[in-house]
Every structure is written in C-alpha cells, then in structure tokens.
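The values are calculated or read from the model by the stated rules, or taken from the named source; none is laboratory data. Since this is a predicted model, take the numbers as computed values, not measurements. Cβ placement follows ideal geometry from the backbone for every residue including glycine, while neighbour counts extend to all protein chains displayed. Protein only, heavy atoms only, side chains kept; ligands, DNA and RNA dropped before computing areas. Shrake-Rupley method; radii C 1.70, N 1.55, O 1.52, S 1.80 Å.
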Amino acid sequence: MAAPPLGRLVLTHVLVALFGMGSWAAINGIWVELPVVVKDLPEVVSAAAFQGLLVLLPSPPPVPTGGPGPCLQVGAPGVEEEEEASPLQESPSKAAGTTRSPEPAAHRLLSTRGVCLLGLLAVTNALTNGVLPAVQSYSCLPYGRPAYHLAVVLGSAANPLACFLAMGVLCRSLAGLGSLSLLGMLFGTYLMALAILSPCPPLVGTSAGVVLVVVSWVLCLGVFSYVKVASSSLLHGGGQRSLLAAGVAIQVGSLLGAVAMFPPTSIYHVFRSGQDCVDPCGP
C-alpha cells in the first residue's frame with residue numbers, strides 16, 4: 001500500500017493537534033485561573049464551581065500513546081508487523097528460537113502484567129484527577145498566592161512535557177513504572193501532609209517552603225503523567241479490548257478519587273484555609 005502524500009500527512013497531524021489543544025486549553029485555562037479567583041471565593045465554593053464547569057467541557061482526547069523511542073527495539077526490515085510481540089507479553093528475547101502461537105487478547109489482558117498496568121492507570125488517575133486537585137489550594141496558599149500560581153501553571157506544563165518524554169523514551173519495565181509511581185506517591189504524600197497541616201505547614205513564610213511546594217507539585221504531576229502515558233502505550237499493543245479496559249480504568253480511578261475526597265473536604269472539613277490579615281501561626 002502506497003504511503004499517503006506528505007502534505008496530507010502533515011495536515012492530518014496539524015488537525016489532530018488542534019483538536020486536542022481545543023479541549024486541553026479550556027481545562028488548563030480553568031485551573032490556571034483558580035489562583036486568581038480564590039482570593040474572592042471560598043475554597044470549597046471555587047472547587048465545587050470549577051468541577052461543575054469541567055463537566056460541561058468536551059472530553060479531552062485519550063492520552064497519546066508514545067511511538068517507538070530510543071529504548072524500544074525496532075524490527076529489522078522485511079519483518080511483518082504481526083510478528084512483533086505485544087507489550088503485555090514477555091520479552092521476545094526470552095523465547096528466541098522458538099515458535100509459539102499468539103495468545104488471545106483477552107488472556108493477555110488478564111495476565112499479571114496487564115492487570116498491573118490497569119492498576120497503575122487507575123491509581124495514578126485517582127490521584128491526579130481526584131485526590132490531589134482537591135488539596136492543591138490548601139497545600140499552596142499558606143506559602144502565598146505566588147506559590148499557588150506557580151504550582152498550578154508549572155504543574156500544568158509538566159503534563160505535556162512528560163508526554164513528549166514518553167514519546168522518545170518509553171519505559172517498558174513494569175518494575176520501573178512501579179518505582180516511578182512510588183516516587184510520585186512520595187511527593188503526593190508530602191503535599192497531602194502540607195494540606196492537612198494547613199494553614200501552618202512546615203517552613204511557612206520562608207523561601208525554602210515555597211520552592212519545596214512548587215517543585216513537589218511539578219515533579220508529582222510530571223511523574224504521574226509519564227506513568228499514565230507509558231501504561232497506556234504498553235496497553236495499546238493489546239488491541240481493542242486493552243484500550244477499552246484502559247479507558248474504564250482511567251474513568252473508574254478518577255471517579256473513586258473524587259468520591260473519596262468529598263467527605264474530608266466538604267463534610268468533615270479536615271483541611272482548613274487561612275484568613276486574610278490574620279496570622280494563625282503566630283504565638
């Protein structure tokens with residue numbers, strides 16, 4: 001089959017990029033505005049209001065699946081695409097010299113590797129779409145609105161940067177993705193602790209505290225974004241069933257994260273915000 005003309009290929013890529021940018025610009029635009037309006041709106045109202053606005057926006061496109069990168073083995077010329085092993089299977093080097101029939105897609109999806117990848121997708125989306133956004137203002141505002149603004153803006157920029165990184169360097173190791181997830185959870189635990197200790201977290205009123213909270217947000221969101229893209233890319237090789245399961249894991253994880261954070265933020269008021277012109281951390 002002849003390759004499509006270069007002009008048509010470029011036009012298709014540009015249209016897809018514009019389509020994806022339309023949704024993400026609206027979503028990121030809302031969150032970037034949050035540090036500006038939080039001065040005049042209570043945190044609970046501004047977070048209920050903004051979640052409602054996000055529901056009205058069109059759904060963003062699926063997480064991009066990274067193409068072959070430097071750490072991916074490229075087949076030799078002449079080898080048919082069907083012979084490439086699925087990312088849900090073991091490495092083909094372990095079965096070199098042997099011939100085996102491909103496993104059904106459903107069996108590969110229910111393998112230990114497939115279940116772990118789906119679990120990573122569910123957990124990371126629960127944290128990034130439900131748990132962490134609910135406490136971002138509580139963890140950042142004690143250090144000042146500039147810290148809150150930087151955390152939101154740079155955190156939003158960390159997402160596409162991680163996606164581009166996954167397109168070039170895709171980690172195929174389940175242990176590696178698990179280690180990255182633990183690293184992201186370490187940053188997330190620190191941010192959650194800051195939110196619980198609000199309005200008097202450690203290093204409040206110091207430059208070190210501002211740097212730590214901003215860097216923690218950027219690295220946390222960046223690491224989790226990379227894990228999500230890498231997991232989705234590995235599941236992509238499992239076919240339609242794997243993609244459907246990945247979408248279910250993303251939506252279920254996001255729902256569980258949001259539901260889990262509703263009682264502590266809106267009912268039990270575990271997190272407290274500071275007040276203007278009042279120093280709650282003074283003697």
Quiz item: Just to be sure, is Phe262 of a type in the set (Phe, Trp, Tyr), open to solvent by 30 Å² or more (accessible area, probe 1.4 Å) and farther than 23 Å from Leu170 by Cα?
Solution: yes
Quiz item: Is there a residue in the stretch 205-220 that is part of a loop (DSSP other than H, G, I, E, B) and not acidic (Asp, Glu)?
Solution: yes
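For every residue, the table says whether it meets (1) over 21 Å from Ser156 (Cα atoms); (2) in a helix (DSSP H, G or I).
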{"position": "Met192", "(1), (2)": "no, yes"}
{"position": "Pro202", "(1), (2)": "yes, no"}
{"position": "Val229", "(1), (2)": "no, yes"}
{"position": "Leu243", "(1), (2)": "yes, yes"}
{"position": "Ile250", "(1), (2)": "no, yes"}
{"position": "Val259", "(1), (2)": "yes, yes"}
{"position": "Thr265", "(1), (2)": "yes, yes"}
{"position": "Asp279", "(1), (2)": "yes, no"}
Self-check item: Flag for Leu212 being modelled with pLDDT of 95 or more, among the aliphatic types (A, V, I, L, M) and in contact with a Phe, Trp or Tyr (Cβ under 6 Å, 6 or more places away or on another chain)
Solution: no
